[in-house]
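Enquirer: This is the structure I have questions about; it appears just below.
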Amino acid sequence: MPDPDLRIVRADYADPAHAAALVELLDHYAQDPAGGGAPLSDFARGHLVAALAARPFIFSVLAFEGDEAVGLVNAIEGFSTFACRPLVNIHDVVVRETHRGRGIAARLFAEVETVARERGACKLTLEVLSANRAARGLYVKLGFDDYRLDPAMGEARFMQKWLD
């Protein structure tokens, strides 16, 4: 049964309460081992919300319990050349440690899926660390699967290269 005290909202980057919640929750995630274990830089804290607001292909969804921000998803619209349609990458998923296991992430994902469908997206994508079994289990439960085109070619691997 859904928690009646939990509100899921699309973030309004111009709303000071939403902006503060976004930075606070993302910093909470950044300090978690799954987020790298280090706080956001002063630069990121000071510029993140304006940078997100300047990009119409990015949206965020927040979860509030009363006035307390307890969950966040940042999502970025991309494009599937094979489908010739948008896709939505779920970039950050945050639920306060004290609120995990209560279905908050699933409710955030439902709202992200609603936005993705409104944008005509063909699919949702995300990355998850292989040792994050709880998150991976949730994502599988929500219908996500490993990315592959031809099983003989194997599963895709997420890679990165830092630029100066």
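Enquirer: Exposed (fewer than 11 other Cβ atoms within 10 Å of the Cβ), of a type in the set (Asp, Glu) and either modelled with pLDDT of 95 or more or within 20 Å of VAL23 (Cα to Cα) (or both): is that true of GLU118 in this structure? Give the steps one after another, and end with the answer.
Expert: On the way: exposed (fewer than 11 other Cβ atoms within 10 Å of the Cβ): yes; of a type in the set (Asp, Glu): yes; either modelled with pLDDT of 95 or more or within 20 Å of VAL23 (Cα to Cα) (or both): yes.
Spelling it out, GLU118 is indeed exposed (fewer than 11 other Cβ atoms within 10 Å of the Cβ), of a type in the set (Asp, Glu) and either modelled with pLDDT of 95 or more or within 20 Å of VAL23 (Cα to Cα) (or both).
Enquirer: Among the candidates ARG96, ARG136, ARG107, which residue alone is touching a Pro at 6+ places or on another chain (Cβ under 9 Å), under 30 Å from ASP5 (Cβ atoms) and either crowded, with 16+ Cβ neighbours inside 10 Å or among the basic types (Lys, Arg) (or both)?
Expert: From the options ARG96, ARG136, ARG107, the qualifying one is ARG107.
Enquirer: So, one more: Go through the stretch 14-35 and give me each residue that's in contact with a Phe, Trp or Tyr (Cβ under 9 Å, 6 or more places away or on another chain) and modelled with pLDDT under 95.
Expert: GLY35
Enquirer: Within the stretch 34-107, considering only strands (runs of 3 or more DSSP E) that don't extend past its boundaries, which have at least 1 residues that are in contact with a Gly (Cβ under 9 Å, 6 or more places away or on another chain)? So that I can check it myself, show each step before the final result.
Expert: Working: elements: 58-65, 68-80, 85-95.
Here the list reads 58-65, 85-95.
The values are calculated or read from the model by the stated rules, or taken from the named source; none is laboratory data. Predicted model, so just to flag it, every value in this text is computed and none were measured. All Cβ positions, even for glycine, are placed from backbone atoms using ideal geometry, and neighbour counts span all protein chains on display.
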